[in-house]
Amino acid sequence: MTEILTGGCQCGGVRYEVSAEKPYRTHVCHCTDCRKQSGSAFSVTWIIPKDSFRLTQGALKVFTSEAQSGRAKRGAFCPDCGSRIYNEIDLRPGLLSIKPGTLDDASGLAPTRHVWVQSKLPWVDIPEGAEVFERGVEKAASARSPA
Ligand SMILES: [Zn+2]
Ligand SMILES: [Zn+2]
């Protein structure tokens with residue numbers, strides 16, 4: 001079943017909707033780039049098909065940088081308040097990484113995976129039962145159980 005989730009930036013100028021299929025798959029990324037981007041200890045990412053995203057109000061500005069994986073990453077944000085709405089990574093063509101903190105209701109998007117744990121801050125605890133990856137998910141061979 002498809003549900004419509006709505007969201008927007010901090011100033012309200014940008015609004016969007018996502019038509020999403022459950023289960024929602026979200027993960028926490030502890031890479032240094034996500035820390036800079038979010039201004040916090042980590043970022044939360046929700047990967048969706050690009051064509052399920054629709055901008056309903058305002059316009060986005062795009063910033064291009066290099067992800068810790070070495071791949072190009074384009075971040076779309078509100079030009080007025082700077083809220084990051086999504087990232088687009090060369091690694092995942094056709095997909096967007098939505099920032100769930102911009103959703104009106106992100107209560108159903110509890111992350112089950114933690115990636116780039118090798119650069120995690122020491123005071124961040126990983127919940128028991130989470131899937132843990134030293135680096136990106138594509139390096140699944142390095143997966144281990146949380147300590
Ligand atoms: Zn804004
Ligand atoms: Zn990251």
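The values are calculated or read from the model by the stated rules, or taken from the named source; none is laboratory data. Bear in mind the structure is a predicted one, so any value in this text is a computation, not a measurement. All Cβ positions, even for glycine, are placed from backbone atoms using ideal geometry, and neighbour counts span all protein chains on display. Keep in mind that these areas ignore ligands, DNA and RNA; they rest on the heavy atoms of the full protein, side chains included. Shrake-Rupley method; radii C 1.70, N 1.55, O 1.52, S 1.80 Å.
A few comments on the model shown:
- PHE133 passes every criterion in (1) under 18 Å from the mean Cα position of the chain (by Cα); (2) modelled with pLDDT of 95 or more; (3) open to solvent by 40 Å² or more (accessible area, probe 1.4 Å) apart from (3).
- Pairs meeting the criteria (first residue in the stretch 29-45 and surrounded by fewer than 18 Cβ atoms within 10 Å (Cβ to Cβ), second residue among the β-branched types (Val, Ile, Thr), beta carbons under 9 Å, at least 6 apart or on different chains) are SER38/VAL44; ALA41/VAL124.
- Residues of the stretch 24-45 classified as more than 7 Å from ligand 2 (Cβ to nearest atom), out of contact with any His (no Cβ under 6 Å at 6 or more places or on another chain) and part of a strand (DSSP E or B), total: 3
- Only a single item in (1) within 30 Å of THR2 (Cα to Cα); (2) under 12 Å from the mean Cα position of the chain (by Cα) is not met by ARG35, and it is number (1).
- Yes/no for ASP104 being exposed (fewer than 12 other Cβ atoms within 10 Å of the Cβ), at pLDDT 95 or above, of a type outside the set (Gly, Ala, Ser) and out of contact with any His (no Cβ under 9 Å at 6 or more places or on another chain): yes
- Residue in the stretch 46-57 that is part of a loop (DSSP other than H, G, I, E, B), crowded, with 18+ Cβ neighbours inside 10 Å and in contact (Cβ under 8 Å) with a residue 24 or more places away in the chain present: no
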